[in-house]
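Colleague: My questions will all concern the structure given below.
Each value in this text was obtained by applying a stated rule to the coordinates, not by laboratory testing. All values reported here derive from a predicted model rather than from experimental measurement. Because the Cβ atoms are built from the backbone with ideal geometry, glycine has one as well, and the counts that use them run over all protein chains shown.
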Amino acid sequence: MSANGGTKAIVAALLANVGIAVTKFIAFLLTGSSSMLAESIHSVADSGNQGLLLLGGRRARREATPQHPFGYGRERYVYAFIVAIVLFSVGGLFALYEAWHKAADPHPIESWHWVPVVVLVAAIAMESFSFRTAIVESNLVRGNQSWLRFIRRAKAPELPVVLLEDLGALVGLVLALFGVGMTLITGNGMWDAAGTAMIGVLLVAIAIILAIETKSLLLGEGAEATDVATIERAVTDGPEVERIIHMKTLYLGPEELLVAAKIAVRACESAEELARGIDAVEARIRAAVPVARVIYLEPDIWSDAAERAGIGTAGHTAVVHPEAAVTSADESHAGN
């Protein structure tokens, strides 16, 4: 994901939500509508969430340290998970509580009847602008994936988070407009409570989806099958490597992939020749999959006898002289 694209979508959402929150609070103070209060808190929560995403992106750019040798790229996942918690607690649970409170005293909207409708229509327009920005930026990196697959498989959390938040905000505004409109038409405040409850259920559902997807990133995800196949071809597409014994990948951050592999190399006359071969394999991997910035290759000698004995397979110790063990990693481990 383009960092600039993600930041642009976040800033657009932040500006929209701040403006929407202010207008919704004014409407709530004038009318006492619970739907307006729920939507006000929802916009405040969304504004805070966008601030968290910006903070996470900034902290993730810190340089690697001896204590964190692979950098801070995955800190973006931490802040995205916090966003899910905020959306669940501050947005969803508050809306459900407010719906229960309103249902206990379902008074109608008694003054400034037109204000919530005007505010909600204006908020839908502003939120649509934010949602459109997120869609445009997402399309730059989504490729041919479906929207569902993009949200589930994206390694950079910012765009999926903003997409789901903006979608939830638009649907929530429609639900609030429904609740307020029916309350104005019927004079029954239970419609306002119903709209508020639907907003709460919606926000809780979105928060759970975000938490599940972000949890997977926090635990550590490997490369997609297509990228794994591309890396495997890059490793074996040369005279240096006979086969891959085993290989593992792990995203250290949205734009930083670790590749660790044990490879069967052809017999070499010197460690220098072996090192040159390893360097050539690394260059092919980085050319094929640019996000593969940290690469560790362990050379081994493959033979039918070794295969029958289980030597050199996953979980066994490679039969290599110490001076022939060559590993390499990109000098820069900063998480971008």
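Colleague: Within region 3-219, count lysine pairs with alpha carbon atoms under 26 angstrom apart where the residues are 8 or more positions apart or belong to different chains.
Modeller: Value for region 3-219: 5.
Colleague: Here is a follow-up. For region 1-103, report the convex hull volume of the alpha-carbon atoms normalised per residue, in Å³, without decimals.
Modeller: Once divided by residue count, the hull of region 1-103 is 93 Å³.
Colleague: FRET efficiency for residue 147 and residue 236, Cβ-Cβ distance as r, R0 = 41 Å, nearest 0.05?
Modeller: Values: r = 35 Å, r/R0 = 0.85.
With a Förster radius of 41 Å, E is 0.70.
Colleague: Amide H neighbours of residue 71 under 5 Å, at least 5 residues apart or on other chains, H built in the peptide plane: list them.
Modeller: 65
Colleague: Next up: Could you tell me which residue out of 79, 55, 180 lies farthest along the dipole of the chain toward its positive end? Charges go on the beta carbon: Lys and Arg +1, Asp and Glu -1, centred on the Cα centre.
Modeller: Toward the positive end, the furthest listed residue is 180.
Colleague: With all pairs of different alpha carbon atoms counted, what Kirkwood hydrodynamic radius in Å does the chain show?
Modeller: Values: mean 1/r = 0.0443 Å⁻¹.
The answer is 22.6 Å.
Colleague: Pulled fully out, how much extra length does the chain show between residue 208 and residue 129, if you take 0.36 nm times their separation in residues and subtract their Cα-Cα distance?
Modeller: Numbers: separation 79, 0.36 × 79 = 28.44 nm, distance 2.52 nm.
The residue 208-residue 129 span can extend by a further 25.9 nm.
Colleague: On a 0 to 90 degree scale, rounded to 10, what angle separates helix 94-104 from the longest Cα axis of the chain?
Modeller: 30 degrees
Colleague: Please report, in debye to the nearest 20, how large the charge dipole of the chain is about its Cα centre when each Lys and Arg carries +1 at its beta carbon and each Asp and Glu carries -1 there.
Modeller: That gives a dipole near 640 debye.
Colleague: Near residue 154, within a Cβ-to-Cβ distance under 13 Å, what is the net charge of the other residues, with Lys and Arg +1 and Asp and Glu -1?
Modeller: On the way: positive: 76, 142, 149, 152, 153, 155; negative: 137, 158, 213, 221, 224, 255.
Taking every Cβ under 13 Å from that of residue 154, the sum is 0.
Colleague: Moving on to the next point. Looking at the chain as a GNM with Cα springs under 10 Å, which of 292, 169, 64 has the largest mean-square fluctuation?
Modeller: 64
Colleague: Return one number: the angle in degrees, 0 to 90 and rounded to the nearest 10, between the long axis of the Cα atoms of helix 75-86 and the longest principal axis of the Cα atoms of the chain.
Modeller: 30 degrees
Colleague: Before anything else, pin down the relative contact order of the chain: Cα pairs under 8 Å, at least 6 apart, normalised by residue count, whole percent.
Modeller: Details: 568 pairs, mean separation 71.6, N = 336.
That works out to 21 percent.
Colleague: Out of 144, 188, 49, any idea which swings most in a Gaussian network model of the chain, alpha carbons joined below 10 Å?
Modeller: Greatest mean-square fluctuation among the candidates belongs to 144.
Colleague: So, one more: With springs connecting C-alpha atoms under 10 Å apart, model the chain as a Gaussian network and identify which of 141, 83, 161 has the largest mean-square fluctuation.
Modeller: In this elastic network of the chain, the residue with the biggest mean-square fluctuation among 141, 83, 161 is 141.
Colleague: On a 0 to 90° scale, report how tilted helix 114-142 is relative to the longest principal axis of the chain, with both axes built from alpha carbons and the result rounded to the nearest 10.
Modeller: Once rounded, the angle reads 10 degrees.
Colleague: A further question on this structure: Give a residue-ordered list of calculated ³J(HN,Hα) values for region 179-191 (Karplus: 6.51 cos²θ - 1.76 cosθ + 1.60, θ = phi - 60°; whole Hz; x for Gly, Pro).
Modeller: Karplus-based 3J(HN,Hα) across region 179-191 equals x, 5, x, 5, 5, 5, 6, 9, x, 9, x, 5, 5 Hz.
Colleague: Can you work out the Karplus-derived ³J(HN,Hα) for every residue in region 55-62? Use 6.51 cos²θ - 1.76 cosθ + 1.60 with θ = phi - 60°, whole Hz, and x for glycine or proline.
Modeller: 5, x, x, 5, 5, 5, 7, 5
Colleague: Here is a follow-up. Just how far, in whole angstrom, is region 261-299 from region 112-133 if you go by their alpha carbon centroids?
Modeller: What the calculation gives is 56 Å, centre to centre.
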